[in-house]
Amino acid sequence: MVERIGARSAKNRNVENIDAGPRRRSTQAASTTGRLREAGPVAPNKKTIALVYDFDGTLSPKPMQEYAFLPKLGIEPKEFWAECARISKAERADALITYMHLMYKKAKERGVRIDRADLVAQGKTVELYPGVERWFDAMHAYVKKRAGDSGITVKHYLISSGLTEIIEGTKIYPHFANVFASEYWFDAYDLPFPKRVISDTGKTQFLFRINKGLEDLSESINVHMPEAQRPIPFSNFIYFGDGDTDVPSMALLKKNGGQAIAVHDPGESETKCVELFKAGRCDFYAAADYRKDSDLWKRTCLLLDRIIADVRVKVEARRLGE
């Protein structure tokens, strides 16, 4: 699957000092933070909970390219990903850039033109795990019910090595406060060229962007921002992922007081999730069943209850100290 094929080759680096870019869609949070400051007012209340998701294997059973793009070219997915791996190894190339290039190379060889609008349309064919479509509104309703009039809210974010264009065509796209995913340039080259590539370690940059409220690419995350100014503390995060490429994100959050849940296909082995759990990479694991009262639902709600209680404790302590 896309988010598992060799992103491991990316070198580790200081993610707070990376300024590669996420989605171009700005958010309310991005517009209020603007410039970094070494000192300044405490971020108000810190009452936002961030639910952050991987896509392929987490919200959808298969890599998104396998639903329409590869079938349109008459290419077997296993053969395509195997060729990607061979080329990447032989050329010592980044695996994600390799797959993005090879997709359109194959299309050109077959005389098939696929532009941005085509990719967005392909998003409509992407299959989602049971309950995903209703999950986002249900999480808002749950937090509202449990948090009462405390002002605690939830935002959903997507960080994926998959393609922004296909994600935009899915039914769940409007639910995300922001989407950080790989993307193409379509106008400057004979073949579309990778505009943005998000690897496993690169995903952690966007956790910092959400944490600091710097979701617009025009805003640098290089300068230190004191914890008191960061609008969404890592302790208010829950990350959902399915495999090895999610380990850096899970590890970052766990190290900084956040939460993580590993998911697996309901019809497949939970071995990988068990390994992540035993290694301390996640708080819980469950089958990727997003319907109410499933194990995933119950365990997510347990973590939400803990975050809500923790936020209330901090707000009350702050009130006493004023």
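The values are calculated or read from the model by the stated rules, or taken from the named source; none is laboratory data. Being a predicted model, the structure only gives us computed values, none of them experimental. As a convention, Cβ positions derive from the backbone with ideal geometry for all residues, glycine included, and neighbour counts pool all protein chains shown. To get the accessible areas, we keep the full protein, side chains included, count just its heavy atoms, and leave off ligands, DNA and RNA. Shrake-Rupley method; radii C 1.70, N 1.55, O 1.52, S 1.80 Å.
With respect to residue 300, is the statement that it is hydroxyl-bearing (Ser, Thr, Tyr), under 21 Å from residue 158 (Cα atoms), in a helix (DSSP H, G or I) and at pLDDT below 95 true? Lay out the reasoning, then the answer.
Numbers: hydroxyl-bearing (Ser, Thr, Tyr): yes; under 21 Å from residue 158 (Cα atoms): yes; in a helix (DSSP H, G or I): yes; at pLDDT below 95: no.
Judged against the criteria, residue 300 is not a match.
Kindly indicate whether residue 165 is among the charged types (D, E, K, R) and surrounded by 15 or more Cβ atoms within 10 Å (Cβ to Cβ).
yes
Scan the stretch 231-241 and give yes if some residue there is buried (at least 20 other Cβ atoms within 10 Å of the Cβ) and of a type in the set (Ser, Thr, Tyr), otherwise no.
Taking the stretch 231-241 and keeping what is buried (at least 20 other Cβ atoms within 10 Å of the Cβ), we get 231-234, 236-241.
Applying the additional criterion that residues be of a type in the set (Ser, Thr, Tyr) yields 239.
Yes: the stretch 231-241 contains one or more residues that are buried (at least 20 other Cβ atoms within 10 Å of the Cβ) and of a type in the set (Ser, Thr, Tyr).
Scan the stretch 202-244 for residues that are of a type in the set (Val, Ile, Thr) and in a loop (DSSP other than H, G, I, E, B) and jot them down.
221, 223, 232
Does residue 218 meet the test of being open to solvent by 10 Å² or more (accessible area, probe 1.4 Å), free of Cβ contacts under 8 Å to residues at least 40 places away in the same chain and not basic (Lys, Arg)?
yes
For the stretch 149-162, give me each residue that is open to solvent by 10 Å² or more (accessible area, probe 1.4 Å) and either among the small types (Gly, Ala, Ser) or more than 17 Å from residue 233 (Cα to Cα) (or both).
Hits for the stretch 149-162 are 149, 150, 151.
Residue by residue through the stretch 274-296, note down the ones that are touching a residue at least 24 places away in the same chain (Cβ under 8 Å) and hydrophobic (A, V, I, L, M, F, W, C).
The answer is 276, 282, 286, 287, 288, 296.
Kindly indicate which of 116, 134 is over 24 Å from residue 289 (Cβ atoms) and in contact with a Phe, Trp or Tyr (Cβ under 8 Å, 6 or more places away or on another chain).
So the residue among 116, 134 that is over 24 Å from residue 289 (Cβ atoms) and in contact with a Phe, Trp or Tyr (Cβ under 8 Å, 6 or more places away or on another chain) is 116.
Looking at this structure, is residue 58 surrounded by fewer than 17 Cβ atoms within 10 Å (Cβ to Cβ), farther than 30 Å from residue 318 by Cα and among the polar types (S, T, N, Q)?
So residue 58 does not fit the description; no.
Only one of these is open to solvent by 70 Å² or more (accessible area, probe 1.4 Å) and within 14 Å of residue 170 (Cα to Cα): 133, 79, 109, 91. Name it. Let's see the steps before the verdict.
Numbers: 79 fails: within 14 Å of residue 170 (Cα to Cα); 109 fails: within 14 Å of residue 170 (Cα to Cα); 91 fails: within 14 Å of residue 170 (Cα to Cα).
That would be 133, the only listed residue that is open to solvent by 70 Å² or more (accessible area, probe 1.4 Å) and within 14 Å of residue 170 (Cα to Cα).
For the stretch 249-265, give me each residue that is in contact (Cβ under 8 Å) with a residue 60 or more places away in the chain and either open to solvent by 30 Å² or more (accessible area, probe 1.4 Å) or within 13 Å of residue 53 (Cα to Cα) (or both).
249, 263, 265
Going by what's in this entry, would residue 117 be described as modelled with pLDDT under 95 and surrounded by 15 or more Cβ atoms within 10 Å (Cβ to Cβ)?
It is false that residue 117 is modelled with pLDDT under 95 and surrounded by 15 or more Cβ atoms within 10 Å (Cβ to Cβ).
Restricting the search to the stretch 82-111, which residues are within 18 Å of residue 202 (Cβ to Cβ), touching a residue at least 12 places away in the same chain (Cβ under 8 Å) and not in a helix (DSSP H, G or I)?
Selection gives 94 alone.
Go through the stretch 180-192 and report how many residues are surrounded by fewer than 23 Cβ atoms within 10 Å (Cβ to Cβ) and under 26 Å from residue 138 (Cα atoms).
Selection size over the stretch 180-192: 0.
From the list 124, 195, 171, exactly one residue is touching a Gly at 6+ places or on another chain (Cβ under 9 Å), part of a strand (DSSP E or B), among the basic types (Lys, Arg) and open to solvent by 60 Å² or more (accessible area, probe 1.4 Å). Which is it?
Matching residue, one of 124, 195, 171: 195.
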